[in-house]
Amino acid sequence: MFRKFSFLKVSFHIVLIFLFTSCALRAQDTKGMANQYVIAPGEVRLVDFPVNSKESKFLCRGSEVKFAQRNGRGLAFVMESYFSNLTSFGCQLIEGSKEIYSINFSVVDKPYKAEQLKVDSKKIKLSPKDELRVAKEQAILNKIYQSSIPDFLFTEAFKQPMDSLITSVYGTRRVYNKQKKGQHLGIDYRAAIGDKVPASNAGKIVYSGDLFYTGWTVIIDHGLDIFSVYGHLSKTLVSDGDIVRRGDIIGLSGNTGRTSGPHLHWGTKVQGQYIDGLVLIDESKKYFK
Ligand SMILES: [Zn+2]
């Protein structure tokens, strides 16, 4: 009888200790989730925070990150560059001169694979004429990327532009024709010449034309420094200034620009850096349907 009692007493204590520690851990986790994020090079995180004033500024690494205001909350996509030096950083919401809210990001490394590719040698060693063309195009693109619309133009989550096989993932380190090194900062989808290419989310067409590297290209501004790029098209079906919805057909896939065969190249840019579109999709689903 005595032995049984003591066994019950011991088990009761174990249950109590277990309950106490699991509650304590959970409380700590919840607190950590609001203000502490983990991010890797080439990734993005959707953060939200309380906002009271339209004049507030959200700063990450000391630079302003534009955010949307929805139902008293601020929503921002914070990116970490592919070329990260893995330094942790903080973001602060500033109202007037006061810091209202702060978020910490720990940056962890992420291994990206390598691949070899064979492309037209004229797209590797550029002629002076092509170098001039690339410089002109870069100037046009820089201007586009610096004048994003100051609010989200989408109300749904991002989606992959195609559901075909991904033939090259984001971040792959590339060696072109065994001589030129680069990084593949987009996602390649298997596509034939002439397959329909839908928009991955709603936005405004800010470029539709022929570029040296990505061939016939469409660029969509989704607002607040978020852009998506569709490259190597055989034809574009939209014009500058068009407003598109998620899923609208913006062009047909092809083989133009620097390619090793027909496919769709999908790039996603946040705050001036190409980030992994699959991470952008997952993060956008945290708030949008
Ligand atoms: Zn690509």
Fill in: Selection count, region 79-135, where residues are in contact (Cβ under 8 Å) with a residue 40 or more places away in the chain, touching a Lys or Arg at 6+ places or on another chain (Cβ under 9 Å) and of a type in the set (Phe, Trp, Tyr)
2
Response to the item:
Checked region 229-255 for anything within 21 Å of the chain's Cα centre (by Cα), over 17 Å from residue 140 (Cβ atoms) and within 16 Å of the ligand (Cβ to nearest atom); matches are 232
Discussion item. Restricting to region 157-200, name every residue that is surrounded by 16 or more Cβ atoms within 10 Å (Cβ to Cβ) and at positive phi.
Written reply: 171
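Every number here is computed from the coordinates shown, using simple stated rules; none is lab data. None of these values were measured; they are calculated from a predicted model. Neighbour counts are summed over all protein chains in view; Cβ atoms, including those assigned to glycine, are modelled from backbone coordinates with ideal geometry.
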